[in-house]
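The values are calculated or read from the model by the stated rules, or taken from the named source; none is laboratory data. It should be emphasised that the depicted structure is a prediction, and the values quoted were computed from it without experimental measurement. Cβ atoms come from the backbone with ideal geometry, glycine included; neighbour counts cover every protein chain shown. All accessible areas refer to the heavy atoms of the entire protein, side chains included, with ligands and DNA or RNA removed. Shrake-Rupley method; radii C 1.70, N 1.55, O 1.52, S 1.80 Å.
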Number of protein chains: 2
Amino acid sequence: MTVTAAQGFTAAGVTAGLKTSGTPDMAVVVNHGPSKVAAAVYTSNRCKANPVLWSEQAIKAGAASAVVINSGGANCYTGAEGFATTHQTAETAADLLGVGAIEVQVCSTGLIGLLNDRDAVLAGTRAAIEAQSAEGGRDAATAIMTTDTVAKEAVAHGDGWTVGGMAKGAGMLAPALATMLVVITTDADVDAATADAALRAATALTFDRLDSDGCQSTNDTVLLMASGASGVTPQTTAFTEAVTAVCHDLAIQLLADAEGADHEIAIEVVNAASVDDALEVGRSVARSNLFKCAIYGKDPNWGRILASVGTTQAAFDPADLDVALNGVWVCRNSGPGESPDSINLDERAVSVLIDLKSGDQSGTIWTNDLTQAYVHENSAYSS
Amino acid sequence: MTVTAAQGFTAAGVTAGLKTSGTPDMAVVVNHGPSKVAAAVYTSNRCKANPVLWSEQAIKAGAASAVVINSGGANCYTGAEGFATTHQTAETAADLLGVGAIEVQVCSTGLIGLLNDRDAVLAGTRAAIEAQSAEGGRDAATAIMTTDTVAKEAVAHGDGWTVGGMAKGAGMLAPALATMLVVITTDADVDAATADAALRAATALTFDRLDSDGCQSTNDTVLLMASGASGVTPQTTAFTEAVTAVCHDLAIQLLADAEGADHEIAIEVVNAASVDDALEVGRSVARSNLFKCAIYGKDPNWGRILASVGTTQAAFDPADLDVALNGVWVCRNSGPGESPDSINLDERAVSVLIDLKSGDQSGTIWTNDLTQAYVHENSAYSS
């Protein structure tokens with residue numbers, strides 16, 4: 001179940017010829033209302049791609065009728081010509097849908113610095129609008145894939161209303177072709193402020209805590225569109241929980257499909273003075289190449305964890321840290337604890353638990369190991 | 001030429017049995033005066049190893065008679081027992097030299113979280129003091145190696161005075177066994193304030209700008225000892241330049257010997273609003289695994305450079321950045337520039353030039369590529 005799980009949405013995926021592989025490379029998701037409420041979060045990278053520059057302006061009205069997505073080219077650092085391609089994509093879709101261009105969000109993913117063939121993008125936009133159907137969600141989820149090995153979809157049901165979503169990518173720039181793109185749809189009848197608040201709360205707890213390889217995309221977009229077609233206005237809490245559940249589901253799917261990864265690692269930091277402290281510590285460990293190599297090598301090397309904790313500004317006593325790996329407290333009071341001999345790192349799922357003993361806040365960052373396959377995939381192909 | 005190039009110093013390297021390989025693993029450098037001036041900089045990692053906890057207190061008097069270094073064990077996160085080993089090392093050396101323990105600096109390098117055999121360390125300390133000679137510099141430089149493939153030494157001559165040095169490691173935690181250790185000696189007659197100022201100026205321009213793999217050691221130490229044996233007090237500028245030259249020489253040797261690396265990459269950032277801005281941008285690119293993989297793959301992928309620049313807070317216009325790779329301006333005004341087809345990345349030396357067009361300051365960060373060999377070496381062995 002996917003972006004067409006909620007009432008009021010159609011979608012399609014088509015082949016526009018942007019990818020040399022000849023696989024589907026353009027998708028649309030269309031909101032038929034009655035409501036056109038939308039909210040979005042975009043990359044915080046200051047060097048943003050053209051579709052992000054367009055979409056972050058267009059979303060300001062809190063409404064969107066459709067999103068057009070192309071894979072096969074990020075349209076980033078392509079100057080005025082690239083921006084014109086994005087703008088004409090929105091205009092082409094808007095004309096066919098009988099709405100204003102400002103109601104069309106645009107996303108792109110693929111190699112940075114190359115201009116997409118504009119005629120192909122516009123023809124693909126027309127073909128996708130033509131092909132839209134209430135069963136098109138899976139096709140759309142497939143057409144936005146780059147180095148993804150599986151299409152990523154999720155759904156959550158409320159009392160008479162539904163939230164569905166699709167995603168591509170893995171973490172930040174983890175997939176070689178850059179970009180995490182996520183489209184979430186709902187038939188709940190919510191206003192723009194509620195949609196925006198729910199989306200920001202959900203992404204802060206999910207996608208923002210994914211740090212596969214520390215690289216931040218120029219194209220990241222998470223878009224939520226609400227049709228109101230169910231006629232139900234959920235409790236804000238229930239709605240936020242459903243959006244968060246879909247985001248969490250998709251985030252874990254992104255993590256599991258990260259290029260070249262052998263392990264999915266949850267780094268949970270507890271008893272921190274603040275959530276920010278917990279996340280700073282977790283992110284620091286998640287970005288340690290030496291720690292990530294150790295997990296790949298199935299080596300319970302807790303010294304590399306403490307060495308990363310020590311580079312942060314979080315509140316803790318350097319002489320009083322505890323660390324558990326897969327439930328074994330290998331480090332107590334910043335010294336050797338239980339024997340790591342019983343730790344088995346054969347499974348893909350790995351848990352790291354860091355006790356800062358400095359408060360009652362906590363947070364989890366998800367990351368992957370660093371493998372030879374990651375280096376191979378990101379060095380052997382221009383992407 | 002090495003730490004015994006300057007008058008007034010002896011050194012030795014011996015085998016204490018700390019390394020399972022049976023190669024030399026303990027070194028001393030002794031200052032015979034007449035002056036005992038010393039200055040040092042240590043890791044800024046908050047989780048510091050026991051020898052750093054000892055040495056940063058001991059250096060406060062601005063004097064040192066000797067440094068005792070062991071490889072084969074970092075003595076980090078080893079608690080009170082580990083600190084006692086460090087302290088007894090200093091006391092053992094001090095007794096034999098007829099000085100106070102506070103005049104003995106201690107450095108360790110190797111696996112984190114394991115206690116060194118104290119008897120072996122103390123016996124090695126005695127053996128090294130016994131073996132010291134004015135020709136012992138090379139032996140000392142060899143005994144401090146871990147995964148280093150070559151001993152690293154440098155020398156600079158002033159007018160009647162000399163600065164010599166030795167180093168082990170590569171960048172931050174780049175060598176799997178952690179730690180950059182550097183000992184610099186001079187027979188110049190300088191006071192403690194001059195030595196400290198010269199060392200801080202030199203390390204800020206050299207070791208601090210080395211970022212091989214973004215991982216910061218728990219044991220990093222750069223120690224300068226001045227004997228005054230030449231009887232010459234150099235101009236401060238000339239002295240600082242000579243110390244900087246030795247530090248630069250050793251830093252480049254560390255970079256060239258970084259584990260698994262195929263390329264040495266200089267990232268020069270020009271026309272920045274401040275030196276801090278230039279260094280922030282350079283360090284951000286140096287820590288991008290995707291950029292480092294691209295260089296390993298000989299792929300002139302400038303989009304990954306701009307994507308990293310965009311994650312910084314430096315002053316620049318995201319739409320107006322220029323980037324050159326090995327002298328070819330592949331990116332102009334944040335869009336495609338000259339064709340990258342002529343760029344040859346077969347050579348180990350790679351230059352990246354980033355023009356921020358926002359001021360007149362500049363700075364260079366040195367880094368390595370990310371290779372399958374790096375992942376292998378840091379995953380296959382516990383270190």
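Going by the structure shown, is B:Ser379 free of Cβ contacts under 8 Å to residues at least 24 places away in the same chain and under 28 Å from the mean Cα position of the chain (by Cα)? Yes: the conditions hold for B:Ser379. Within the range B:114-143, the set of residues being open to solvent by less than 80 Å² (accessible area, probe 1.4 Å), modelled with pLDDT of 95 or more and assigned to a loop (DSSP other than H, G, I, E, B) comprises B:Gln132, B:Ala134, B:Gly136. Here is the figure for the range A:263-280: residues that are under 12 Å from A:Arg209 (Cα atoms) and part of a helix (DSSP H, G or I) total 5.
Of the residues examined, A:Val352 is not one that is in contact with a Phe, Trp or Tyr (Cβ under 6 Å, 6 or more places away or on another chain) and buried (at least 18 other Cβ atoms within 10 Å of the Cβ).
When the residues of the range A:44-69 are filtered to those that are open to solvent by less than 10 Å² (accessible area, probe 1.4 Å) and within 14 Å of chain B (Cβ to nearest Cβ), the one that is nearest to A:Ala101 (Cα to Cα) is A:Val52.
Hey, does the range B:324-335 have a residue that's among the hydrophobic types (A, V, I, L, M, F, W, C), without any contact (Cβ under 8 Å) to a residue 12 or more places away in the chain and open to solvent by 50 Å² or more (accessible area, probe 1.4 Å)? Yes, that holds for at least one residue.
Applying the selection to the range B:43-72, what residues are in a loop (DSSP other than H, G, I, E, B) and among the polar types (S, T, N, Q)?
If we filter the range B:43-72 for residues that are in a loop (DSSP other than H, G, I, E, B), which is where we start, we get B:43-49, B:62, B:64-65, B:71-72.
Those that are in a loop (DSSP other than H, G, I, E, B) and among the polar types (S, T, N, Q): B:Thr43, B:Ser44, B:Asn45, B:Ser65, B:Ser71.
Selection of the range B:323-335 for residues being in a loop (DSSP other than H, G, I, E, B), over 22 Å from B:Asn289 (Cβ atoms) and more than 10 Å from chain A (Cβ to nearest Cβ) yields only B:Gly327. Is it the case that the range A:365-379 has a residue that's aromatic (Phe, Trp, Tyr) and either part of a helix (DSSP H, G or I) or farther than 21 Å from B:Ser217 by Cβ (or both)? Checking the range A:365-379: at least one residue is aromatic (Phe, Trp, Tyr) and either part of a helix (DSSP H, G or I) or farther than 21 Å from B:Ser217 by Cβ (or both).
The condition (being away from chain A (no Cβ under 13 Å) and under 16 Å from B:Leu205 (Cα atoms)) is satisfied by just one residue among B:Ala256, B:Ala273, B:Ala245: B:Ala245. Screening A:Ser35 on (1) closer than 23 Å to A:Val99 by Cα; (2) among the small types (Gly, Ala, Ser); (3) buried (at least 24 other Cβ atoms within 10 Å of the Cβ) shows it passes everything except condition (3).
A:Ala84 fulfils the conditions (1) open to solvent by 20 Å² or more (accessible area, probe 1.4 Å); (2) in a loop (DSSP other than H, G, I, E, B) except for a single criterion, (2).
Results for (1) in contact with a Gly (Cβ under 8 Å, 6 or more places away or on another chain); (2) open to solvent by less than 20 Å² (accessible area, probe 1.4 Å); (3) hydroxyl-bearing (Ser, Thr, Tyr), shown as yes or no for each residue.
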site: B:Phe207; (1), (2), (3): no, yes, no
site: B:Gln216; (1), (2), (3): yes, no, no
site: B:Leu254; (1), (2), (3): yes, yes, no
site: B:Ala272; (1), (2), (3): yes, yes, no
site: B:Val275; (1), (2), (3): yes, no, no
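Checked against (1) assigned to a loop (DSSP other than H, G, I, E, B); (2) within 11 Å of another protein chain (Cβ to nearest Cβ); (3) surrounded by fewer than 17 Cβ atoms within 10 Å (Cβ to Cβ), B:Glu338 passes all but a single condition, namely (2).
When you look at B:Asp148, is it surrounded by 24 or more Cβ atoms within 10 Å (Cβ to Cβ), within 30 Å of B:Ala380 (Cβ to Cβ) and modelled with pLDDT under 95, yes or no? No, not satisfied. Can you tell me which residue among A:Val37, A:Val52, A:Val14, A:Val30 is of a type in the set (Val, Ile, Thr) and under 19 Å from the mean Cα position of the chain (by Cα)? Unique residue meeting the criteria: A:Val52.
If you filter the range A:358-383 down to residues that are more than 14 Å from chain B (Cβ to nearest Cβ) and farther than 30 Å from B:Ala261 by Cβ, you find that the one that is surrounded by the fewest Cβ atoms within 10 Å (Cβ to Cβ) is A:Asp360.
The residues of the range A:51-65 that are small (Gly, Ala, Ser), in contact with a helix residue (DSSP H, G or I) (Cβ under 8 Å, 6 or more places away or on another chain) and within 21 Å of A:Ala80 (Cα to Cα) amount to a single one, A:Ala58. Pairing each residue of the range A:101-116 that is touching a residue at least 12 places away in the same chain (Cβ under 8 Å) and within 12 Å of chain B (Cβ to nearest Cβ) with any residue that is acidic (Asp, Glu) and open to solvent by 10 Å² or more (accessible area, probe 1.4 Å), provided the two are 6+ apart or on different chains, yields C-beta distances under 8 Å for A:Leu115/A:Glu81.
Tallying residues that are facing chain B (nearest Cβ under 9 Å) and surrounded by 24 or more Cβ atoms within 10 Å (Cβ to Cβ) within the range A:279-288 yields 1. Once the range A:234-252 is narrowed to residues that are open to solvent by less than 50 Å² (accessible area, probe 1.4 Å) and among the hydroxyl-bearing types (Ser, Thr, Tyr), the residue that is nearest to A:Val150 (Cα to Cα) is A:Thr244.
Residues of the range A:298-318 that are facing another protein chain (nearest Cβ under 8 Å), open to solvent by 40 Å² or more (accessible area, probe 1.4 Å) and farther than 21 Å from A:Asn368 by Cβ: A:Pro318 alone. Of the residues making up the range B:89-113, those that are assigned to a helix (DSSP H, G or I), open to solvent by less than 20 Å² (accessible area, probe 1.4 Å) and among the hydrophobic types (A, V, I, L, M, F, W, C) number 3. Filtering A:Gly8, A:Gly13 for residues that are of a type in the set (Gly, Ala, Ser), in contact with a His (Cβ under 8 Å, 6 or more places away or on another chain) and open to solvent by 10 Å² or more (accessible area, probe 1.4 Å) leaves a single hit, A:Gly8.
Looking at the range A:181-192, can you tell me whether even one residue there is among the hydroxyl-bearing types (Ser, Thr, Tyr) and out of contact with any Gly (no Cβ under 8 Å at 6 or more places or on another chain)? Within the range A:181-192, none of the residues are among the hydroxyl-bearing types (Ser, Thr, Tyr) and out of contact with any Gly (no Cβ under 8 Å at 6 or more places or on another chain).
Only residues that are within 30 Å of A:Gly33 (Cβ to Cβ), touching a residue at least 24 places away in the same chain (Cβ under 8 Å) and in a loop (DSSP other than H, G, I, E, B) were counted in the range A:230-262, giving 5.
Taking the residues in the range A:53-78 that are in contact with a Cys (Cβ under 8 Å, 6 or more places away or on another chain) and under 12 Å from A:Cys107 (Cβ atoms) as candidates, determine which candidate is modelled with the lowest pLDDT. Steps first, please.
So in the range A:53-78, the residues in contact with a Cys (Cβ under 8 Å, 6 or more places away or on another chain) come out as A:55, A:67-70, A:76-77.
Restricting the remaining residues to those that are under 12 Å from A:Cys107 (Cβ atoms) gives A:55, A:67-70, A:76.
Working: A:Ser55: 96, A:Val67: 97, A:Val68: 98, A:Ile69: 96, A:Asn70: 95, A:Cys76: 91.
By that ranking, first place goes to A:Cys76.
The set of residues from the range B:162-186 being part of a loop (DSSP other than H, G, I, E, B) and modelled with pLDDT of 95 or more is empty.
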